[in-house]
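Values quoted throughout were computed directly from the atomic coordinates according to the rules given, and no laboratory measurement underlies them. It should be emphasised that the depicted structure is a prediction, and the values quoted were computed from it without experimental measurement. Neighbour counts are summed over all protein chains in view; Cβ atoms, including those assigned to glycine, are modelled from backbone coordinates with ideal geometry.
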Amino acid sequence: MDRVFDDFLWLFIIGAAIIAISSRWPDRVAGKIIHEPGLSALAGFLGLLSVPVLITVLAITWVGLPLAVILGAVYVVLLVLVGAFVSYCTGAWILERSGKPMASPYARQALGALVISLLMMLPVIGWLVCLGVMVMGFGALLLERRDLFLRLRHEDLA
């Protein structure tokens, strides 16, 4: 049970920090998971596999080594963030289904973190839940960042 509490605490703290920085960012990423689940899963699967390969290829050359280090650091940060985004999406989905769509973002994060933490502890399917969280969250985050870049480019800001 200590692991459930630790997982919950980390998911909630990271999610609360994200919400404090930008309350709209979790909503945009959660929107990708809800409205484009297939594309999120595909982007997440391809991203989770291709980024380590790209890091390895870059690390082989002297010129690419600094880029590999930077990309590796960004990859690790994104892997830390994805669980919090999926937790937020899960909590928002549950609260919306229970008739409380206007619940606090922190309540969404807390409920989602609790549910995801408990699901990850299930004996047989816990690792599948963890894998699903990583794939869906990574893909949704990549798609959200792509959409932001395209929007900024369209407005001549990028």
All Cα pairs of the stretch 70-126, percent lying beyond 14 Å: 59 percent
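Add -39500 (n - 2.57) for each DSSP H run of 4 or more in the chain, then divide by its residues: what number comes out at 222 nm, to the nearest 500 deg cm²/dmol?
Rounded to the nearest 500, it is -30000 deg cm²/dmol.
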Estimated distance in nm for a label pair at ALA59 and ARG146, the labels positioned 7 Å out from Cα along Cα-to-Cβ: 2.6 nm
Estimated FRET transfer efficiency when R0 is 22 angstrom, pair HIS154-SER23 (beta carbons, to 0.05): 0.40
Alpha-carbon gyration tensor eigenvalues x 5, square-rooted, for the stretch 12-158, Å: 28, 20, 13
Cut-off 20 Å (backbone N to label point 7 Å along Cα→Cβ of HIS35), residues of the stretch 126-148: 136-148
Contact order normalised by residue count of the chain, Cα under 8 Å, 6+ apart, percent: 36 percent
Kirkwood Rh, Cα atoms: Rg over Rh of the stretch 1-86: 1.06
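Tell me, in nm to one decimal, what length is gained between LEU118 and LYS100 on full extension, where the rule is 0.36 nm per residue of separation less the Cα-Cα distance?
Length gained between LEU118 and LYS100: 4.3 nm.
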Helix 126-154 vs. the chain, principal-axis angle (Cα, 0 to 90°, nearest 10): 60 degrees
Whole-angstrom gap from the stretch 16-31 to the stretch 48-107, using each part's C-alpha centre: 13 Å
Length-normalised contact order of the stretch 54-127 in % [C-alpha pairs under 8 Å, at least 6 apart]: 23 percent
